[in-house]
Structures are given as structure tokens and as C-alpha cells.
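Take a look at the structure set out below.
Laboratory data are not the source of any read-out in this text; all were calculated from the coordinates shown. Predicted model, so just to flag it, every value in this text is computed and none were measured. Virtual Cβ from ideal backbone geometry, glycine too; neighbours counted across all protein chains shown.
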Amino acid sequence: NPLRLCAEVGKRLGPEDIVIGDEGDFVATAAYVLKLRWPQLWMDPGPLGTLGVGPGYALAAKLTRPEARVWIIYGDGSFGLHGLEFEALVRQQIPVVAVIGNDAAWMQIRRGQVQLFGQERAVATSLSHVRYDKVVEALGGFGAYVETVADLGPALDAAMASGKPACVNVKIATSDFRKTALSV
């Protein structure tokens, strides 16, 4: 459940943490659910902003505030387009924690297509549950794949403790939380 995932991340946010939203339906959910308090920061490219800003924003945030823990909240589509940017984080030894809400869809677009045209006419919005955590591991970072609620907390804790650029790839179900948000 996307809301449960956000709650688990929220429990782990420290007082100086920086959270970066890298676009997608799950990220929009996180923007509503995560309650940050100064000096915590939320950074994103704005409504319907550019995909792929996460690693660059994270690198800049960590270099600006090295004592802060930096999180990147991803939709699976966004990570799929720009996940190899983790190579720069690994090469420069910039420890960040990426959390992917993996619903195997471009859900922000898919939801509107299904509402307007029906399931059978939703075009180019289905993905698969790609193991993006394995991509980050192959680059030299930490990766964890989560399919059950029981594994979520330990995976987030292990990512934070790894001291490496980390990816926690969480298989989530679709949600009606944002069903009135329409992007086609």
C-alpha cells in the first residue's frame, strides 16, 4: 500500500533530513502524506515537473548539507528512465536512500486513460515490476526488494545503515488515493 510505505519512510525521517520527490503518482502521494518540519526539506521540480531530477538534486543536497540524510522518492517509471544516474552517486560515494514505489505502471497517466477510454484502450502505460534494486547493486550500491509489509522496515533500516547509495524497490498495489488527479 502506497500510504503504508509513506508512513514507514516518515517514521525514519530525522530532523535534518532532505526528501527529494522525483515525479510520478507515488511521489505525488508522498508529497501529501509525508509531513516534514523545518529544518527538514522537500525538494521537487514542481507540478508535472521533469522526470529524473532526483540524483542531481540529491548530490547537490548532500554536498551542501553533508550531515543531512538525503532521500529520493521515486515512481518506477521515473527511476526506469534515469536510474543509471546512480553510477555518479556510487562513484562519488554520495550515500542517499532511494525509495521506489513500484506499481508497474505510468499510473499518473494510466489512471486518466482508463477513466476516459477504458482499460482496453490504455496505451503504453503498463510496466513490469523491474528489479531496479539489482541495477543499483550492479553499480556498487545497496539494493533491497520488498514485497511484504514485514520486510519494509528492515529494508529501509538496512539501506540507511549501508553507508552507500541505496535503493529500496517496493512492490506496491495501485491506489485510489489520487483518483481525481487526471494527467493524459
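Observations on the model:
- Taking other Cβ atoms within 10 Å as a rough exposure proxy, 20, 73 sort from fewest to most as 20, 73.
- Between the residues 74, 6, 52, the greatest Cα displacement towards the positive end of the dipole of the chain, with unit charges on the Cβ of Lys, Arg, Asp and Glu, is found for 6.
- Footprinting exposure proxy for 171, 134, 35, 62 (fewest neighbouring C-beta atoms within 10 Å first): 35, 134, 171, 62
- Cα gyration tensor, segment 100-169 - rounded (a/c under 1.5), prolate or oblate: prolate
- Share antiparallel - DSSP beta bridges, segment 2-171, percent rounded to 5: 5
- Distant-in-sequence amide H partners of residue 72 (H built 1.01 Å from N, under 5 Å): 20, 97, 98, 99
- Student exercise, the chain dipole from Lys, Arg, Asp, Glu Cβ charges, in Debye to nearest 20: 240
- Under 18 Å between alpha carbons - lysine pairs in the chain that sit 8 or more apart or on different chains: 4
- Using the Stokes-Einstein relation with a Kirkwood hydrodynamic radius computed over Cα pairs, the translational diffusion coefficient of segment 1-80 at 37 °C and a viscosity of 0.692 mPa s comes to 261 µm²/s.
- Across the chain, C-alpha contacts under 8 Å between residues 6 or more apart give a mean separation that, scaled by the residue count, equals a relative contact order of 23 percent.
- Taken over the chain, the ratio of Cα radius of gyration to 2.2 N^0.38 Å equals 0.97.
- Length-normalised contact order for segment 3-111 - Cα pairs under 8 Å, 6+ apart - percent: 31
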